Amino acid sequence: MNQGNTFDFIIIGGGVMGASTAYHLAARGYKNILLLEKEDFFGTGATGRCAGGVRYQFATEINIRLSLESLPMLERFKDEIGQSIDYRKIGYLFLLTTDNQVDEFRCNVDLQNRLGAQTQWMSGDEIRERLPLMRLDDVIAGSFNPRDGLVDPNSVVMGYISAAQRLGCQAVCSNPVIQIDLKSSRVTGVYTPTQYFSAPVIVDATGPWANLSCQMAGFQVPVTPVRRQWLTTNVLPDLPSDFPFVIDFAQSLYFHPEGHGLLTGMSNPTETPGFDQNIDPNWELIHLEAAIDRLPILEKAGLASHVAGLYEVTPDAHPIFGRTPVDGYYIVTGFSGHGFMHGPIAGKLMSEIILDGKATSVDISMLDLARFEEGRLVNEYNVV
Ligand SMILES: Cc1cc2nc3c(=O)[nH]c(=O)nc-3n(C[C@H](O)[C@H](O)[C@H](O)COP(=O)(O)OP(=O)(O)OC[C@H]3O[C@@H](n4cnc5c(N)ncnc54)[C@H](O)[C@@H]3O)c2cc1C
């Protein structure tokens, strides 16, 4: 550290939320920023374990609006941040297998279209024609947006961190925050095992660990860590080059091209909340059976890698932005399985809340922490 131990802003957590917030504060001209990450590398939490999907297809207006701001920021990332992030617009194709889903998704697609996202409706036959390798007899219809796709998470985190560092921000790994210092319900600084750093503003961007860090500040947040896992196959020569990001909505089962093979994941609806990031081999077998059932060529595929990570889940599957009961302590977390894609705009919104007193790029006033106590939950249907 070359500036002493006093900062204007301290950010806890070096995943996409912390990195984007650091960059957006620095881009507004603030240099005296410290980002602390507990692990030995940035982006090894949820962000580094995520499937890299980015989409406009959501069920609530607020999530669609966040995507409408965030995905174009990813498109401009190389020009603005100076880092390639391999944005592949392969499209997300949701497979719908019940009449209820069809009704819900028709409303979702109308809403997306009204707000400016060009999602298309597809009949069951059109989908079967588009995906001849898949077993889709039960698929009634689906929705497809050609601008949805994939982005490399590590490049986004490192792009923001490097850009913030070039602007003067200090970002350090292997520095867990172990205590938060308060004076009369106002935050004054943080302790790591070896040092004390003071700042009048602390941003909690600890993702699945948010409730642990908030407890250090003396309050709770309803953010539950829930394990999710996926695997990749080795080369699948028969996989067409235009294979999209396919989601079997009823089973929360997804597939997308990865290297010359495929990445596939499936959410365990009965997963016990907790911090375990080891692969659950029993669930992997259940997942593989379902995946092979949909895409029989997987029967011959070899396992290339598998990863487990933590969703940071809130009671209404929507994020939490902004102030907390502790003055000067801000939070950005709880994206419940789709935070990577909203990371760019989330960091910008945090910089607006902190510097201007209010987010202006998107109206996120309904995503405050107080909504849980006041019973103002947002309803989201489209969670995978
Ligand atoms: C398997 C899986 C697949 C996913 N797929 C997608 C997808 O396709 N698309 C999508 O948009 N989203 C996806 N997500 C969700 C997405 O990964 C998260 O919403 C997002 O990455 C959250 O970012 P974050 O910065 O809040 O959390 P994290 O990336 O977890 O960052 C928090 C950081 O805080 C650090 N930290 C915690 N406590 C402390 C402390 N006390 N001191 C210092 N540092 C601390 C952690 O080490 C961590 O690095 C997926 C998640 C998982 C697990």
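The values are calculated or read from the model by the stated rules, or taken from the named source; none is laboratory data. Note that the structure is predicted; figures quoted are calculated from it, not measured. We place every Cβ from the backbone using ideal geometry, glycine too, and count neighbours over all the protein chains shown.
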Has region 22-32 got any residue that is of a type in the set (A, V, I, L, M), more than 16 Å from the ligand (Cβ to nearest atom) and surrounded by 22 or more Cβ atoms within 10 Å (Cβ to Cβ)?
yes
Kindly establish whether E352 is more than 21 Å from A26 (Cβ to Cβ) and assigned to a helix (DSSP H, G or I).
no
The condition of being within 16 Å of the ligand (Cβ to nearest atom) and either of a type in the set (G, A, S) or not in a loop (DSSP other than H, G, I, E, B) (or both) holds, among S162, S174, only for S174
Pairs, please: C-beta under 6 Å, at least 6 apart or cross-chain, first residue at positive phi and in region 206-218, second buried (at least 18 other Cβ atoms within 10 Å of the Cβ)?
G207/G15; G207/G45; G207/A46; G207/E312; G207/T333
Subset of region 1-11 that is more than 11 Å from the ligand (Cβ to nearest atom) and either crowded, with 24+ Cβ neighbours inside 10 Å or small (G, A, S) (or both) - its residue that is farthest from the chain's Cα centre (by Cα):
G4
How many residues of region 57-76 are surrounded by 22 or more Cβ atoms within 10 Å (Cβ to Cβ) and in contact with a Ser or Thr (Cβ under 9 Å, 6 or more places away or on another chain)? The answer is 2
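Yes/no matrix, rows are residues, columns are (1) without any contact (Cβ under 8 Å) to a residue 60 or more places away in the chain; (2) on the phi > 0 side of the Ramachandran plot; (3) assigned to a loop (DSSP other than H, G, I, E, B); (4) not aliphatic (A, V, I, L, M):
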{"position": "Q57", "(1), (2), (3), (4)": "no, no, yes, yes"}
{"position": "S67", "(1), (2), (3), (4)": "no, no, no, yes"}
{"position": "D86", "(1), (2), (3), (4)": "no, yes, yes, yes"}
{"position": "F94", "(1), (2), (3), (4)": "no, no, no, yes"}
{"position": "D103", "(1), (2), (3), (4)": "yes, no, no, yes"}
Of the conditions (1) near the ligand (Cβ under 10 Å from one of its atoms); (2) over 22 Å from S198 (Cβ atoms); (3) surrounded by 24 or more Cβ atoms within 10 Å (Cβ to Cβ), G14 clears all except one; give me its number.
(2)
Failed item in (1) within 11 Å of the ligand (Cβ to nearest atom); (2) assigned to a loop (DSSP other than H, G, I, E, B); (3) surrounded by 21 or more Cβ atoms within 10 Å (Cβ to Cβ), with A359 passing the rest
(1)
Please give the number of the condition G43 fails out of (1) more than 10 Å from the ligand (Cβ to nearest atom); (2) in a loop (DSSP other than H, G, I, E, B); (3) modelled with pLDDT of 95 or more.
(1)
Specify which of the listed residues (I279, I292) is of a type in the set (V, I, T), farther than 19 Å from D363 by Cβ and in contact with a helix residue (DSSP H, G or I) (Cβ under 6 Å, 6 or more places away or on another chain).
I292
Please go through (1) closer than 19 Å to P208 by Cβ; (2) within 7 Å of the ligand (Cβ to nearest atom) for V54 and return the number of the only condition it doesn't satisfy.
(1)
Within region 177-200, how many residues turn out to be outside any strand (DSSP E or B), crowded, with 19+ Cβ neighbours inside 10 Å and of a type outside the set (V, I, T)?
1
Quick one: would you say G259 is at pLDDT below 95, over 30 Å from I62 (Cα atoms) and out of contact with any Ser or Thr (no Cβ under 6 Å at 6 or more places or on another chain)?
yes
Qualifying residues in region 215-242 (those that are polar (S, T, N, Q), more than 27 Å from L262 (Cβ to Cβ) and surrounded by fewer than 18 Cβ atoms within 10 Å (Cβ to Cβ)) - the one farthest from the ligand (Cβ to nearest atom)
Q220
